[in-house]
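Structure first, commentary second.
The values are calculated or read from the model by the stated rules, or taken from the named source; none is laboratory data. Source: prediction; values computed, not measured. Ideal geometry is used to build each Cβ from the backbone, glycine not excepted, and the neighbour counts take in all protein chains shown. Surface areas here come from the heavy atoms of the whole protein model, side chains and all, with no ligands, DNA or RNA. Shrake-Rupley method; radii C 1.70, N 1.55, O 1.52, S 1.80 Å.
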Amino acid sequence: MPLPLEQYALVGDRHTAALVGSDGSIDWLCLPRFDSPACFAALLGTPEHGRWLLGPKGPARSTRRYLENSFVLETVHVTDTGAVKVLDLMPVGDGRADIIRSVQGLRGTVTMEHEWVVRFDYGRVRPWVSHGVGHRLDDDVITAVAGPDMLVLRGSRLPKAADGRHRDEFEVRAGETQTFSLTWFPSYDPVPPPLDIDSRIAETIRRSDDWAARCDYDGPYRDLVVRSLLTLRAMTHSRFGGIVAAPTTSLPEDFGGERNWDYRYCWLRDASLTLQALMRSGFVDEARLWRNWLVRAVAGDPEDLQIMYAIDGARQLPERSLDYLPGYAGSSPVRVGNAAVDQRQSDVLGEVMIALDEARRHGLEVDGEAWAMQRSLVDHLADHWQEPDNGLWEIRGPLRHFTHSRVMVWAAFDRAVRSVEDWGLPGDVHRWRDLRDQVRDEILSKGFDARRTTFTQHYDTTDVDASLLLIPMVGFLPPDDPRVLGTVAAIEEDLMRDGFLLRYRTQSGVDGLAGDEHPFLACSWWLVSAYSMCGQVTKARELMDRLAGLFNDVGLISEEYDPANRRMVGNFPQAFSHLAFIGAAHALAQAESQGAAGAGQRIP
């Protein structure tokens, strides 16, 4: 059984990432990209599906931290006989795919377990493993090869083959160090040379520290905000510019259920919101890299716009099930790919337009090609805006006129109009302005329940949806409007579970899936933002304090939370949760700094 999600930490090189358990087991790693097949997949199965364990034998008390502002993970294991310190990292900035693991004795003697089980293709393919000479600078290495993939394991003491695994036990005394490294490379290439480990550790820490120093946020929860920003950066491919929603697949929303999805792709919505979180915290240069990725990814006929893409902008993300994997906590099926790629989600362009408008207001230069792409997409939306869609939550039931989607259609036309009026960009502003008014009138007529004074999830229901909290944040209505205040109250009444918000009532059957789910953390942070904007600052601070206590010991958070069992749920770490937290922190900081004057102001 894999560990509870909160006991995992992330290490990554901004091309991919690994999950390291508090017991020292790397249970998830895809190489060389976030969306590559995993070579360690024990997270979704058993150790037989691949893992790399380097931890104390027997009971230990373990504490962890990241060194400075990096993703260099330091874990101290204390046993009855001694203590050791383990460093885990993936070096950044060198174009390679390596993991470094170093064990240093602190006091006494600690017996360490070392187990290396490689299974390519998500735990399915057992490689050909052999001892031998790798690079000319190596004395002895272990190599594992299957098809185009090859791994080389180096170390001061290599494990021995036994029953399809490599195992070892060794003692570490105070002052002693044992160091290991794993390198992925194409099997048709020569073995790369060994790393200069000390310099790669120092450079990895320096790069992260330099980046974090650019953060200009100085409000409440600053340490968690900086760590969340670093986490978003860790999930942004440093070369392509694509931002993955999470580095994992199929971590369940409902333990033992079917709500298991692959999040290792770039949702336009999530990436747009990530960009906004970064820019509001002082990171404007990142907007240029993402804008370039966006222009490449969506290039072509606007009719072919997708809601998500691969990290390099590729379009084909076919969904399939890996039936040989039992799934995390017995939750099946395990899915790779995502069928939602073919859905219509009308809100997506609104988020993109908001992000790019905000980028210009933060000083990003106007790019003619990028604007031509936006204008083409808005013109296409103008011809199709009345069509129903699957909505923000990727509903797999019937298409609906989801109110949040309609609000984001309004936002797309609104930001298009602003682009012409504020920046002098060319476009059919008269048509866009007229359509903006039509959409607004329709929403107020069909998406609002006057009896309860609340907006509704879609036009054919009286149910509410947590996404309606975004109405004041995108400027559709001011936060002190009675319709906004009524919506906040209705969402509190209908969707609050044990102090945290659900997305919607799954019992309504709207999503076409069996089972239930837990509170969706981003929604609770939207509520913090809504409270802050509406002047309910005390409630905002109380909820924010409760939510801040959910982060694990190294500042990571999942998609959902199970308050009854106090467990993280869903893909981990989750960009949507981290970016919503950053937005809530900014909203609360603004409200608290301005006092009563902060009420009724829209987040810029």
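Out of all the residues in the stretch 176-195, is one or more over 30 Å from Val225 (Cβ atoms), touching a helix residue (DSSP H, G or I) at 6+ places or on another chain (Cβ under 8 Å) and crowded, with 17+ Cβ neighbours inside 10 Å?
Scanning the stretch 176-195, I find at least one residue that is over 30 Å from Val225 (Cβ atoms), touching a helix residue (DSSP H, G or I) at 6+ places or on another chain (Cβ under 8 Å) and crowded, with 17+ Cβ neighbours inside 10 Å, so the answer is yes.
Failed condition for Trp211, given (1) open to solvent by 40 Å² or more (accessible area, probe 1.4 Å); (2) more than 24 Å from Gly82 (Cα to Cα); (3) not in a loop (DSSP other than H, G, I, E, B), with all others met?
Of (1) open to solvent by 40 Å² or more (accessible area, probe 1.4 Å); (2) more than 24 Å from Gly82 (Cα to Cα); (3) not in a loop (DSSP other than H, G, I, E, B), only one is false for Trp211: (1).
How many residues does the stretch 135-167 contain that are touching a Lys or Arg at 6+ places or on another chain (Cβ under 7 Å) and either without any contact (Cβ under 8 Å) to a residue 12 or more places away in the chain or over 15 Å from Gly50 (Cβ atoms) (or both)?
3
Kindly check whether there is at least one residue in the stretch 586-598 that is at pLDDT 95 or above and in a loop (DSSP other than H, G, I, E, B).
no
Would you pick out the residues in the stretch 266-308 that are open to solvent by 20 Å² or more (accessible area, probe 1.4 Å), assigned to a helix (DSSP H, G or I) and β-branched (Val, Ile, Thr)?
Val295
In the stretch 156-178, what residues are at pLDDT below 95 and in a strand (DSSP E or B)?
Of everything in the stretch 156-178, those that are at pLDDT below 95 and in a strand (DSSP E or B) turn out to be Lys160, Ala161, Ala162, Arg165.
Quick check: is even one residue across the stretch 340-353 surrounded by 20 or more Cβ atoms within 10 Å (Cβ to Cβ) and more than 24 Å from Met473 (Cα to Cα)?
yes
Among the residues of the stretch 395-451, which ones are open to solvent by less than 10 Å² (accessible area, probe 1.4 Å), β-branched (Val, Ile, Thr) and assigned to a helix (DSSP H, G or I)?
Selection gives Thr403, Val407, Val409, Val417, Val439, Ile443.
If I ask for residues that are out of contact with any Phe, Trp or Tyr (no Cβ under 7 Å at 6 or more places or on another chain), open to solvent by 10 Å² or more (accessible area, probe 1.4 Å) and either touching a residue at least 40 places away in the same chain (Cβ under 8 Å) or part of a loop (DSSP other than H, G, I, E, B) (or both), which ones from the stretch 538-561 would you list?
Within the stretch 538-561, Arg541, Arg546, Gly549, Phe551, Asn552, Asp553 qualify.
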